[in-house]
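Engineer: Take this structure first; my questions come after.
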Amino acid sequence: MDFESHPSRYRHWKLAIAGDTARLTLSVNPDAPFVPGYTLKLNSYDLGVDIELHDAMLRLRFEHPEVHVVILDSDRDRVFSAGANIPMLASSSHSFKVNFCKYTNETRLMIEDASAGSGVKSLAALAGTCAGGGYELALACDEIVLTDDGSSAVSLPEVPLLGVLPGTGGLTRLTDKRKVRRDLADVFCTLAEGVKGKRAVDWRLVDAVVPRSRFAAAVGERAAALAARAVRNRGPGIELDRVRPYRHVDLAVNGRVAELTVRAPADRTSLAEGAAFWPLRAFRELDDALLHLRFEHEDVGVVLLRARGNPAHVLAADEILAGSEWLAVETRLLVARVLRRLDATARTFFAIADADSCFAGSLLELALAADRTYLLEGQTVQGGALTGGLLPTDQGASRLALRWLHAPDRVPDVLAALRSPTGGDAAFAAGVATVVADDIDFDDEVRVAVEERLSLSPDALTGLEQNLRVPGAETAATRVFGRLSAWQNWIFVRPNATGERGALTMYGKPERPHFDPRRT
């Protein structure tokens with residue numbers, strides 16, 4: 001699989017830029033599915049469509065920092081998007097469906113991150129029907145405008161039509177983001193035909209409905225108002241290159257165990273290097289490696305995280321990232337997103353701080369994100385300029401702060417201690433090291449831990465890890481992955497959805513689905 005794209009290769013989106021406004025037009029090629037076997041009718045989408053959307057948003061943030069608002073619309077008459085392609089979902093393996101939903105969630109979170117972190121606002125211009133995942137894409141935008149023509153409607157029809165959930169964060173964004181009353185949300189999510197016109201505004205499902213004759217003008221006016229509130233003086237942009245072959249990341253798979261190594265820069269790095277700036281290049285590579293782990297290495301149960309190189313070079317790069325220059329800020333936001341993708345990846349992560357390890361600064365976050373950290377006596381870890389919260393988790397807190405939920409007042413002292421290389425019992429006391437072992441026992445400690453982990457139920461481990469990785473208060477993002485995705489994943493394997501006569505299986509056929517009436 002190739003998780004990279006470029007506007008010159010887009011098959012499903014059209015990108016146009018005029019001044020401070022970008023227009024992303026959904027123009028799905030029905031005959032270009034990600035894998036053969038289905039047709040992408042009515043601007044329905046699959047993984048390939050979302051890979052291009054992710055690429056477009058990434059390029060807008062790095063290559064076109066002059067853009068302050070993005071209009072998402074469609075070139076299909078009276079259709080924005082029918083949502084995720086149903087034949088694709090029905091024919092896909094369970095693990096692919098789960099990873100597809102997770103990737104689309106992360107892409108929509110990236111749109112919201114652009115608004116909150118970069119000041120790049122987004123407007124969904126719905127000149128037609130918008131259903132399921134199409135409406136979930138609109139929900140990720142700052143504003144939604146719908147045509148008032150008697151037929152255009154928004155809907156989340158997954159429950160009545162497919163027996164599943166709006167799996168790209170739809171339920172959470174309705175209640176948490178748009179503040180839709182939960183009783184009205186209940187009605188809305190069980191109406192296959194959706195809601196249109198003034199009712200959609202009154203229920204807070206859209207921000208405005210506009211007659212078709214004034215639609216283009218109204219969209220332009222609202223986009224201009226959004227752009228006027230955006231961050232200014234960003235740029236000039238840089239050109240992003242392909243991340244393969246990797247320069248700073250190694251991914252080696254041996255059966256059910258993978259080793260994922262991130263290497264520090266060989267020398268000092270600077271923003272003047274553009275796309276080759278070490279944090280930008282290294283974490284884009286790490287992002288790509290995580291996606292390949294998810295989609296192409298389903299049997300991998302344990303990932304050994306390693307960091308190599310000179311800690312001083314990482315700490316120097318972090319000092320640059322902590323600055324206010326636009327490229328530093330944008331790169332820092334990307335590093336944080338990649339780490340959050342690691343947080344949401346259903347694999348066991350063990351950080352291995354063995355000889356010549358380099359868990360310092362932003363690379364220390366790999367150890368803090370891991371389920372356990374094994375530290376060889378004599379090796380050290382060290383915090384940097386970003387450790388105190390500039391690379392937040394989905395909860396909004398730093399990973400170190402989540403280690404110290406029991407004693408939050410101790411965090412400043414721990415941060416101060418980690419400014420110097422910290423090893424042995426001090427690393428354990430700081431909340432970083434799980435196991436500290438000497439060179440006689442270290443390899444055996446790791447080997448036994450891996451063997452024990454692989455002997456346990458993968459399903460139980462996924463549930464265990466995703467619960468333990470999200471301590472403390474919830475946010476909309478943690479609810480999307482911890483509550484919505486968990487339930488959606490369960491529903492996907494229930495006969496009522498994917499059995500021989502389940503709703504997803506029977507969709508589009510004349511026969512009605514059969515439901516087991518027992519509530520579980």
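Engineer: Which whole number in µm²/s is D for region 383-465 by Stokes-Einstein, with the Kirkwood Rh taken over Cα pairs at 25 °C and 0.890 mPa s?
Structural biologist: In µm²/s, the coefficient is 164.
Engineer: Something else about it: Once you put a point 7 Å from the Cα of Ser457 and another 7 Å from the Cα of His6, both along the Cβ direction, what distance in nm separates them?
Structural biologist: 4.8
Engineer: Something else about it: May I ask you to work out the translational diffusion coefficient for region 173-226 at 10 °C, viscosity 1.306 mPa s, via Stokes-Einstein with Rh from the Kirkwood sum over Cα pairs, reported in whole µm²/s?
Structural biologist: Using the Kirkwood radius from Cα pairs, D works out to 128 µm²/s.
Engineer: Post the alpha-carbon centroid distance, region 1-73 to region 321-337, in whole angstrom.
Structural biologist: Each part reduced to its Cα centre gives a spacing of 24 Å.
Engineer: Could you size up the charge dipole of the chain around its Cα centre, putting +1 on the beta carbon of Lys and Arg and -1 on that of Asp and Glu, and report it in debye to the nearest 20?
Structural biologist: 2040
Engineer: Now for a different question. Restricting to Cα pairs below 8 Å that are 6+ residues apart, what does the relative contact order work out to for region 199-269? Please round to a whole percent.
Structural biologist: Worked out over region 199-269, it gives 14 percent.
Engineer: Roll a 1.4 Å probe over the protein chains and send me the accessible area per residue for region 375-520 in Å².
Structural biologist: 58
Engineer: Rg over Rh of region 48-130, using C-alpha atoms and the Kirkwood radius, what does it come to?
Structural biologist: Here the Rg-to-Rh quotient is 1.01.
Engineer: Write out the trypsin sites (Lys or Arg not before Pro) in region 151-193 meeting two conditions: DSSP loop, and at most 13 other Cβ atoms within 10 Å of their Cβ.
Structural biologist: Lys179, Arg181
Engineer: Report, for region 1-142, the % of DSSP beta bridges that are antiparallel, rounded to 5.
Structural biologist: Bridges in region 1-142 that DSSP calls antiparallel: roughly 35 percent.
Engineer: For region 263-318 and region 454-483, what is the separation of their Cα centres, given in Å?
Structural biologist: With region 263-318 and region 454-483 each reduced to a Cα centre, they are spaced 24 Å.
Engineer: Which value, in debye to the nearest 20, describes the size of the charge dipole of region 181-265 about its Cα centre when Lys and Arg Cβ atoms bear +1, Asp and Glu Cβ atoms bear -1, and nothing else is charged?
Structural biologist: That gives region 181-265 a dipole magnitude of about 260 debye.
Engineer: Kindly provide the helix-only [θ] at 222 nm of the chain, computed as the sum of -39,500 (n - 2.57) over DSSP H runs of four or more divided by all residues, to the nearest 500 deg cm²/dmol?
Structural biologist: -10500 deg cm²/dmol
Engineer: What FRET efficiency would be calculated for the residue pair Asp176, Ala208, taking the C-beta separation as r and a Förster radius of 25 Å, to the nearest 0.05?
Structural biologist: 0.75
Engineer: Just grab the label-to-label distance for Asp267 and Arg247, each label 7 Å out from Cα along the Cβ direction, in nm (one decimal).
Structural biologist: Using points 7 Å along Cα→Cβ, the separation is 1.2 nm.
Engineer: Which semi-axes, in whole Å and largest first, does the equivalent ellipsoid of region 378-520 have when worked out from the alpha carbon gyration tensor as the square roots of 5 times its eigenvalues?
Structural biologist: 43, 21, 11
Engineer: In the calculated pair distance distribution of region 273-404, what percentage of Cα-Cα distances lie above 20 Å?
Structural biologist: It works out to 43 percent of all Cα pairs.
Engineer: How many angstrom lie between the Cα centre of region 119-161 and the Cα centre of region 350-384?
Structural biologist: So the two Cα centres are separated by 44 Å.
Engineer: Consider all pairwise Cα distances in region 464-520 and report the whole-number % of them above 18 Å.
Structural biologist: Summing the P(r) of region 464-520 above 18 Å gives 49 percent of all pairs.
Engineer: Go through Lys14/Lys41; Lys14/Lys102; Lys14/Lys198 and tell me which ones have a Cα-Cα distance over 19 Å in this structure.
Structural biologist: Distance filter (> 19 Å) returns Lys14/Lys102; Lys14/Lys198.
Engineer: With all protein chains present, how much of the accessible area of the chain (probe radius 1.4 Å) comes from carbon and sulfur, to the nearest whole percent?
Structural biologist: Carbon and sulfur together cover 52 percent of it.
Engineer: Please work out the FRET efficiency for the pair Asp75 and Lys509, using the Cβ-Cβ distance as r and a Förster radius of 30 Å; give the result to the nearest 0.05.
Structural biologist: 0.50
Engineer: If one takes the longest principal axis of the Cα atoms in the chain, at what angle in degrees, from 0 to 90 and to the nearest 10, does the Cα axis of helix 94-113 lie?
Structural biologist: Between the helix axis and the principal axis of the chain, the angle is about 90 degrees.
Engineer: Something else now. Within the chain, what percent of beta bridges assigned by DSSP are antiparallel, to the nearest 5?
Structural biologist: 30
Engineer: Once you compute Rg and the Kirkwood Rh from C-alpha atoms, what is the Rg to Rh ratio for region 169-314?
Structural biologist: My calculation of the ratio gives 1.16.
Engineer: Just how large is the dipole of region 116-208 about the Cα centre, in debye to the nearest 20, putting +1 at every Lys and Arg Cβ and -1 at every Asp and Glu Cβ?
Structural biologist: Its charge dipole is roughly 240 debye.
Engineer: With a probe of 1.4 Å, find how much accessible area region 208-279 has per residue, and write the answer as a whole number in Å².
Structural biologist: Each residue of region 208-279 exposes 55 Å² on average to a 1.4 Å probe.
Engineer: Give me the compactness ratio for the chain, meaning the Cα radius of gyration over 2.2 N^0.38 Å.
Structural biologist: The value comes to 0.99.
Engineer: Right, another one. Taking the simple approach of a point 7 Å from Cα along Cα-to-Cβ for both Lys41 and Leu468, what is their distance in nm?
Structural biologist: 4.8
Engineer: Continuing with this model, one more query. Counting other C-beta atoms within 10 Å, and keeping those with at most 15, which DSSP coil GluC sites (Glu not before Pro) do you find in region 303-402?
Structural biologist: Counting only loop positions with at most 15 other Cβ atoms within 10 Å, the GluC sites (Glu not before Pro) in region 303-402 are Glu325, Glu377.
Engineer: Enter the per residue convex hull volume of region 79-237, computed from alpha-carbon coordinates, in Å³ rounded to the nearest integer.
Structural biologist: That works out to 125 Å³ per residue.
The values are calculated or read from the model by the stated rules, or taken from the named source; none is laboratory data. These figures come from a predicted structure and were not determined experimentally. Reconstructed Cβ throughout: ideal geometry from the backbone, glycine too, with neighbour counts over all protein chains shown. Only protein heavy atoms, including side chains, enter the accessible area calculation; ligands, DNA and RNA are left aside. Shrake-Rupley method; radii C 1.70, N 1.55, O 1.52, S 1.80 Å.
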